[in-house]
Amino acid sequence: SDEKASSSRELEKKHDDKKDAETTPLAGDIYLTGSHTLAFPSISTADFQFNHEKASDIIVDSVADFLHNYDNVRLVLVDLSHRSNILSLVKVKAANRQIDPKRFLTLVGDITRLSTEGNLHCSVIANAANWRLKPGGGGVNAAIHNAAGEGLEIATKERAGTLSPGSSVVVPLPSSSPLYQREGVTHIIHVLGPNMNPQRPNCLQNDYVKGCKILRDAYSSLFNNFMSIVQ
Ligand code: AR6
């Protein structure tokens, strides 16, 4: 019976070791909790028809700059499909720039289901919004408003009525919101990017000098607003 007891202790010990291995964060990840992670969609590259080569350059530049200036934060670019052109472009360019893959991830998934379906805890998510900050309109804006419920629309109105291209606004999500309860999202940052779609307001008619500047401003506003939440 002694033998039995010792072998069962062995088993318990093994079990504990395994548990430790599973729960101990990697050295570089120790400070990277969900509250230090921002997930964002590629601004302006679907409904707003912004050029993907140019947008991917701007994303990688903006991310590299930001991560150079701040420690202990992590950025995640999300898109819905494995065939996402923008994700492929950004992945290659980020690797070429030797951006730390632990601090900048590209992820296929629904930005409103990162925790439940992507196993990524992330308390701040960005939205590619419209200038009226209204729900609907398709794309990621509709998905986020649908997932968050009308609490988001109300909370947004308290913060801002409209948004100008290249700027962003932080909206704390009410704790009653399904997106808060299910996914642990505490803040939405609405971002308005440059628009190249003639069917939408403020179309830049392929003026990429203006467009690129506005997209850079949009990401820098987004990342600065993210830091204002984290700090
Ligand atoms: N999860 C992750 N990424 C998504 C999701 C999702 N649920 N849905 C779309 N994307 P878009 P824009 C990706 O069109 O080009 C709206 O109607 C999508 O594949 O949402 O900035 C607003 O009201 C793409 O990579 O935003 C504005 O009027 C990215 O999100 C207008 O569209 C952005 O696509 C804004 O256009």
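This table checks each residue for (1) more than 16 Å from THR37 (Cα to Cα); (2) without any contact (Cβ under 8 Å) to a residue 12 or more places away in the chain; (3) over 14 Å from the mean Cα position of the chain (by Cα).
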{"site": "ASN130", "(1), (2), (3)": "yes, no, yes"}
{"site": "VAL140", "(1), (2), (3)": "yes, no, no"}
{"site": "ARG159", "(1), (2), (3)": "yes, no, yes"}
{"site": "PRO172", "(1), (2), (3)": "no, no, yes"}
{"site": "ARG182", "(1), (2), (3)": "yes, no, yes"}
{"site": "VAL185", "(1), (2), (3)": "no, no, no"}
{"site": "LYS213", "(1), (2), (3)": "yes, no, yes"}
- Note on the structure: Among the residues of segment 103-139, the number that are part of a helix (DSSP H, G or I), of a type outside the set (D, E, K, R), within 10 Å of the ligand (Cβ to nearest atom) and open to solvent by 40 Å² or more (accessible area, probe 1.4 Å) is 1
- Query: For the subset of segment 206-222 comprising residues that are more than 17 Å from ALA129 (Cα to Cα) and part of a helix (DSSP H, G or I), which member is farthest from the ligand (Cβ to nearest atom)?
  - Reply: VAL209
- Could you tell me whether segment 92-101 includes any residue that is under 28 Å from GLN181 (Cβ atoms) and out of contact with any Gly (no Cβ under 8 Å at 6 or more places or on another chain)? no
- Per-region count, segment 64-88, residues part of a helix (DSSP H, G or I) and under 18 Å from VAL140 (Cβ atoms): 3
- If you go through segment 175-205, how many residues are more than 15 Å from the ligand (Cβ to nearest atom) and surrounded by fewer than 15 Cβ atoms within 10 Å (Cβ to Cβ)? 4
- Note on the structure: Taking segment 141-161 and keeping only residues that are open to solvent by 40 Å² or more (accessible area, probe 1.4 Å) and over 21 Å from LEU114 (Cβ atoms), one is left with GLU150, GLU153, ILE154, LYS157, GLU158, ARG159, GLY161
- Message: Would you confirm whether or not segment 70-81 contains a residue that is more than 10 Å from the ligand (Cβ to nearest atom), open to solvent by 10 Å² or more (accessible area, probe 1.4 Å) and either at pLDDT 95 or above or closer than 19 Å to HIS190 by Cα (or both)?
- Response: yes
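The values are calculated or read from the model by the stated rules, or taken from the named source; none is laboratory data. Since the model is a prediction, treat every value here as computed from it, not as a measurement. No Cβ is skipped: glycine too gets one built from the backbone with ideal geometry, and neighbour counts run over all protein chains shown. Areas reflect the complete protein model, heavy atoms only, side chains present, ligands, DNA and RNA absent. Shrake-Rupley method; radii C 1.70, N 1.55, O 1.52, S 1.80 Å.
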